[in-house]
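Below: the structure, in structure tokens.
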Amino acid sequence: MMNDLKNIQVDSSTQIYGVFGDPIRQSKSPIIQNRAFQVMGINAVYGAFHVKPEGLKDAMNGIRALGFGGINVTAPHKVRVMEYLDDIDEAVRYIGAVNTVVHKDGMLIGHNTDGIGYVRSLKEDLKYDLQGKTIVVVGAGGAARGVVYAMAKEQPKHIIVMNRTEEKAKALADKLSPLCSIEGIGLAGIEHIKQQNVDVVVNTTSVGMAPRSDEMAIDPSWFHEGLIVSDLIYNPRMTKLLEVAEKRGAKIHGGLGMFVYQGAYAFEYWTGKSAPVNDMRSVVEAVL
Ligand code: ATR
């Protein structure tokens, strides 16, 4: 793979991209995006910028003033960044959060590639189609909103959002009900879930993330062969939920694909070129 890399020199034509967040040093986005630019021979570079909440406005003005090509936005700026944009896409209107900004013709346009990145990972990595499927999404926070939005666009049969705080599950279901058949329930609704013909379960909560990696967000005792169990967590790569699911014969899908494809979509929005997804994945796998 190394010999596919083009030798790009940073010079006075280099287009600048980056990610704004607080904290930011843990971000793996520079690794995947710089590899993508290199593999594609694009004269661009991607940096990690530690932008604190009080600096967000100046940083966003900086995109215009300095002529950056675009940015990714991560916590805690995904919602507030909208104040500084000229327009947002449909995904952002449903999700209420932005992770990618494109700077084009003097305009800053907000997108959200997390959910669509997740669905593309299911489609391309697992060769799985959500049309006509019954889906359980565990969690109703920011990550869940992106995933549920993108899944709702795939013509599923039904989506059940299950969350510790039931009202949040119901509110999310309400908001996305124009797109597909969807309901919100609390954790006690597990009996209701067992009676459905569920095809896919996805955990969008932080339950099971290192260092508390022996926890699970949903009772897995009903998982069965043929079920798809997916976890957005990628640290650890093999969560307890996935481990149990695999033992019970389910097909498992980890969270790294979502990270890679959210970055792939961002790259494609910025450059108009297909992202070198396999290179992006292998470079991040090497550092995890
Ligand atoms: P993110 O943007 O990563 O989704 P978030 O918006 O804070 O983060 O949402 C976290 C989600 O994980 C929520 O659905 C939360 O449930 P509540 O709405 O009840 O808070 C869920 N979550 C976090 N810790 C949890 C726990 N220990 N048990 C069950 N659910 C948990």
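Every read-out reported here was derived from the displayed coordinates using simple, explicitly stated rules and does not represent laboratory data. Being a predicted model, the structure only gives us computed values, none of them experimental. For neighbour counting, all protein chains shown are included, and Cβ atoms are generated from backbone atoms with ideal geometry for every residue, glycine included.
Might you check whether a residue that is within 16 Å of the ligand (Cβ to nearest atom) and on the phi < 0 side of the Ramachandran plot occurs anywhere in the range 222-229?
Within the range 222-229, not a single residue is within 16 Å of the ligand (Cβ to nearest atom) and on the phi < 0 side of the Ramachandran plot.
If I go through the range 195-204 residue by residue, how many of them are crowded, with 23+ Cβ neighbours inside 10 Å and either within 14 Å of the ligand (Cβ to nearest atom) or in a loop (DSSP other than H, G, I, E, B) (or both)?
Qualifying residue count, the range 195-204: 3.
Sort through His224, His192 and tell me the only one that's outside any loop (DSSP other than H, G, I, E, B) and either surrounded by fewer than 17 Cβ atoms within 10 Å (Cβ to Cβ) or under 22 Å from the mean Cα position of the chain (by Cα) (or both).
Answer to the check: His192.
Against the conditions (1) touching a residue at least 24 places away in the same chain (Cβ under 8 Å); (2) of a type in the set (D, E, K, R); (3) away from the ligand (no atom under 16 Å from the Cβ), where does Arg93 fall short? Just the number, please.
(1)
Looking only at residues that are in a loop (DSSP other than H, G, I, E, B) and in contact with a strand residue (DSSP E or B) (Cβ under 8 Å, 6 or more places away or on another chain) in the range 49-75, which one is nearest to the ligand (Cβ to nearest atom)?
Ala75
Tell me whether the range 108-116 contains one or more residues that are closer than 30 Å to Ile8 by Cα, assigned to a helix (DSSP H, G or I) and without any contact (Cβ under 8 Å) to a residue 24 or more places away in the chain.
no
Could you say whether any residue in the range 142-160 is more than 16 Å from the ligand (Cβ to nearest atom), in a helix (DSSP H, G or I) and out of contact with any Asp or Glu (no Cβ under 8 Å at 6 or more places or on another chain)?
There is at least one residue in the range 142-160 that is more than 16 Å from the ligand (Cβ to nearest atom), in a helix (DSSP H, G or I) and out of contact with any Asp or Glu (no Cβ under 8 Å at 6 or more places or on another chain).
Do you know which residues across the range 269-288 are exposed (fewer than 15 other Cβ atoms within 10 Å of the Cβ) and not aliphatic (A, V, I, L, M)?
Gly272, Lys273, Ser274, Asn278, Ser282, Glu285
Looking only at the range 165-183, count how many residues are buried (at least 17 other Cβ atoms within 10 Å of the Cβ) and either within 11 Å of the ligand (Cβ to nearest atom) or among the aliphatic types (A, V, I, L, M) (or both).
Adding up the residues that qualify gives 8.
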